[in-house]
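Where a number appears in this text, it was derived from the coordinates with a stated rule and is not lab data. What you see is a predicted model, and the numbers here were worked out from it, not measured in a lab. Glycine also receives a Cβ, built like all others from the backbone with ideal geometry; neighbour counts cover every protein chain displayed.
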Amino acid sequence: MKVPTLQSVLAPAMHELLKLRQALGYQDKTYVTHLASFDRFVSGRGQTDPWLTRDSVEAWVSRDPQLKARARAHRFSALRVLGRFIADQYPQTYVPGPTPGLTSTFRPHIYTPAEIQALLTEAARLTPAGSLRPLTFVTLIGLLYCTGLRVSEALAFRLADVDLEEGLLTIRKTKFHKSRAIPIEPDVTRALAAYVDARRRYRHRTDPEAPLFVNEWHRSCSYGTVVATFLGIARRAGIRGAPGQQGPRLHDARHSYAVHRLLAWYRDGGDVQARLPLLATYMGHSSLVSTQVYLDITAELLHEAARRFHAPALPDVGDAICQP
């Protein structure tokens, strides 16, 4: 992605933001076009403050009366990303609020350790009793919760992708066509080792290209079957309602991992903003913005904890949460 010449007082911040986004695999040319346009606008106004001002943001967004509402919303969204990036250095910067029509009101379900334990308990009761199937779902759910992997990424694992000696997982052909390797905690490594050993005892393939998660017919577990089975597990665990009702999903284990990781960082007093790129890379996000969404969710949980318990202490997220 070619970056145009930027010359305004905001150019250094824009270059740093684009550099970070490119490193994370972000390839949206439209976003670069928006920044270049705003850069020319700010330069023409002679702005000297190296942060966003409300006046400059609103003037740029509304300067073209021919723009449709959605196009203006995209402009606000682009500067919201820039503003959040600059605000880390200049707290006085103006950060546009969520953009109506573009910002989703969806909030994922954040599993508690107790809910995960209930899911694991029900998964262990799957039939046929004495088959590999219960252990397959116990291992899969636990892995998703402790690593934040996408369901499709976990189901795509081959035995060659699981390095039990080094405690590494290699994710290939990801959502954004980039591979990555992630470290896993010792307890996760032990759980995977136990599952691999069980696969062998049940006479499943053990060659490097064999699928990690297998069904009763010695084939790779399919996404649809896994999701359908999980819904049954969640209902029996009392976490979801009757069929047809919305409720927690298997993919919410990924969201839970991210939020719990941020909560843990808040607890240890670390610089959460500085660590966001690490979390983004670990989770395979194409853009830092995707990871920043979890800051809003985490803030809501912090606020709710303070409201309920009248104390700033965070709830214990338990030993099951693994660190990236």
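When the chain is fully extended, how far beyond the present Cα-Cα distance does residue 242 get from residue 207, taking 0.36 nm per residue of separation?
Fully extending the segment from residue 242 to residue 207 adds 8.5 nm.
At 0.36 nm per residue, and after removing the present C-alpha to C-alpha distance, how many nm does the segment from residue 235 to residue 20 gain when stretched out fully?
73.2 nm
Kindly put 271, 39 in sequence by how many other C-beta atoms sit within 10 Å of each C-beta, fewest to most.
271, 39
So who's got an amide H within less than 5 Å of the one on residue 158, skipping anything under 5 residues away but keeping other chains? H placed 1.01 Å off N, in plane.
When sequence neighbours closer than 5 places are left aside, the close amide H contacts are 212.
Kindly write out, for the range 254-269 in residue order, the coupling ³J(HN,Hα) from the Karplus curve 6.51 cos²θ - 1.76 cosθ + 1.60 (θ = phi - 60°), rounded to whole Hz, with x marking Gly and Pro.
After applying 6.51 cos²θ - 1.76 cosθ + 1.60, I find 5, 5, 5, 4, 4, 5, 5, 5, 5, 4, 5, 5, 4, 5, 8, x Hz.
In what order do 8, 131 fall by count of nearby beta-carbon atoms within 10 Å, going from fewest to most?
The order, fewest Cβ neighbours first, is 131, 8.
Among residues other than residue 279 whose Cβ falls under 14 Å from its Cβ, what is the net charge (Lys/Arg +1, Asp/Glu -1)?
Result for the neighbourhood of residue 279: +3.
Dividing the alpha-carbon radius of gyration of the range 11-86 by 2.2 N^0.38 Å (N being the number of residues), what value is obtained?
Cα Rg divided by the expected 2.2 N^0.38 Å: 1.07.
What list of ³J(HN,Hα) couplings, whole Hz, do you get for the range 33-38 from phi and the Karplus terms 6.51, -1.76, 1.60, once you set θ to phi - 60° and write x for glycine and proline?
4, 4, 5, 4, 5, 5
Amide H of residue 109 versus every other amide H placed in the peptide plane: which residues, excluding those fewer than 5 positions away on the same chain, fall under 5 Å?
249
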